[in-house]
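Enquirer: Dropping the structure in here first, questions after.
Values in this text are rule-based calculations from the coordinates and carry no lab data. The model shown is predicted, which means the values in this text are computed figures rather than measured ones. Positions of Cβ are backbone-derived with ideal geometry, glycine not excepted, and every protein chain shown enters the neighbour counts.
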Amino acid sequence: MFHSMHTPTPNTQSSNSNKVPTRYDVDDLIIRILNTAAPGYSLVSSVKEGELMNLCTVARQVFLSQASLIDIEPPVKICGDIHGQYADVLRLLDRAGFPPFVNYLFLGDYVDRGQQNLECIALFFCYKIKYPGNFFILRGNHECSPINRVYGFFEECNRRYQSTRLWLQFQDAFATLPFTALVSGRILCMHGGLSPKLKSMEQLRQITRPIDPPNPSLHIDLLWSDPDSYTKGWASNSRGVSYVFGPDVVFEMSHILDIELVARAHQVVQDGYEFFANRKLVTIFSAPHYCGQFDNAAAVMNVDENLMCSFTVSDNILLATFVITENFARSCDRR
């Protein structure tokens, strides 16, 4: 069972209070976090606990000032799981471009299992505050307290800052992260997958935050469900949470929701991306050599203004392109 270990702080503020404080400047903090990759620098020596606490507070305000279903206009680069692999995050940004020159959507799972969870999530919070209209991050299942309490983030906060309070502050911010995004009205994005409870886009727009997702629920499915080629309809998930769903579900939901593609993360895939259901769904994973135990590549999906989609893998080679139109996937060009 999926039980909550932390109750998020209720949002009792007015809508006007969700605006970013006009005097909050993250430029210096971004520089210090980026510099932790250099020899002789570390996050603990460069950024104080109080600064990270304040960062969480301001990021929380930014997330609550935006919708639960984020509408994004291309161009945008869509990235999958990161899992604390900070050096790989910097390589990704260096190759693809730093915000705000490039728009980003990350699909969740920034913490746990990697060695530099704090650097990853702190940098992403900074970019969200600095560029709220260019940099978007969704909630993953590891941005939930029962999971990151066990799989590394809690331990890292206590080991590096000797602070359970810091971990709790991050949970309050995680509880405000949006669950879904919609690119140009055609590409529905989430961390996990579809839900048998999902009947309309309006449901996604009406999700209230902050929230600790109850189990079972639409929220849990958006974070946890997986596609499965051998399943027809819905079946129980071997993870012990949520469901797996077959290609028929993707076809049906694409029609009901009037979308052309589902973009999700949540699973390691060998080439960094993997199609499902006749290219109606794609899994994106952006942590190369995951946990040092896999030989997987990492991928980024590039969506241009014309909804032409391409994939760049960790060696920076453009692997494939396809077009999203009313007749989706009319072309696919291997390079």
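Enquirer: Within region 192-237, restricting attention to residues that are over 23 Å from PHE106 (Cβ atoms) and among the charged types (D, E, K, R), which residue is surrounded by the most Cβ atoms within 10 Å (Cβ to Cβ)?
Expert: ASP228
Enquirer: Same structure, new question: Is it the case that TYR151 is assigned to a loop (DSSP other than H, G, I, E, B) and more than 18 Å from LEU218 (Cα to Cα)?
Expert: yes
Enquirer: Taking the residues in region 250-295 that are touching a Pro at 6+ places or on another chain (Cβ under 8 Å) and hydrophobic (A, V, I, L, M, F, W, C) as candidates, determine which candidate is nearest to CYS79 (Cα to Cα).
Expert: Among them, the one singled out is LEU281.
Enquirer: Can you tell me which residue within region 171-191, out of those that are farther than 22 Å from PHE154 by Cα and of a type in the set (S, T, N, Q), is surrounded by the fewest Cβ atoms within 10 Å (Cβ to Cβ)?
Expert: Ranking the qualifying residues of region 171-191, first place goes to SER184.
Enquirer: Let me confirm something: among ASN103, ASN134, which residue is in contact with an Asp or Glu (Cβ under 9 Å, 6 or more places away or on another chain), farther than 20 Å from LEU166 by Cα and surrounded by fewer than 22 Cβ atoms within 10 Å (Cβ to Cβ)?
Expert: Of ASN103, ASN134, the one residue that is in contact with an Asp or Glu (Cβ under 9 Å, 6 or more places away or on another chain), farther than 20 Å from LEU166 by Cα and surrounded by fewer than 22 Cβ atoms within 10 Å (Cβ to Cβ) is ASN103.
Enquirer: Take region 106-131 and flag every residue that is in a loop (DSSP other than H, G, I, E, B), crowded, with 22+ Cβ neighbours inside 10 Å and either without any contact (Cβ under 8 Å) to a residue 40 or more places away in the chain or out of contact with any helix residue (DSSP H, G or I) (no Cβ under 8 Å at 6 or more places or on another chain) (or both).
Expert: LEU107, TYR110
Enquirer: Output the residue which, of all residues in region 175-213 that are free of Cβ contacts under 8 Å to residues at least 40 places away in the same chain and more than 28 Å from GLU305 (Cβ to Cβ), is farthest from the chain's Cα centre (by Cα).
Expert: That would be LYS197.
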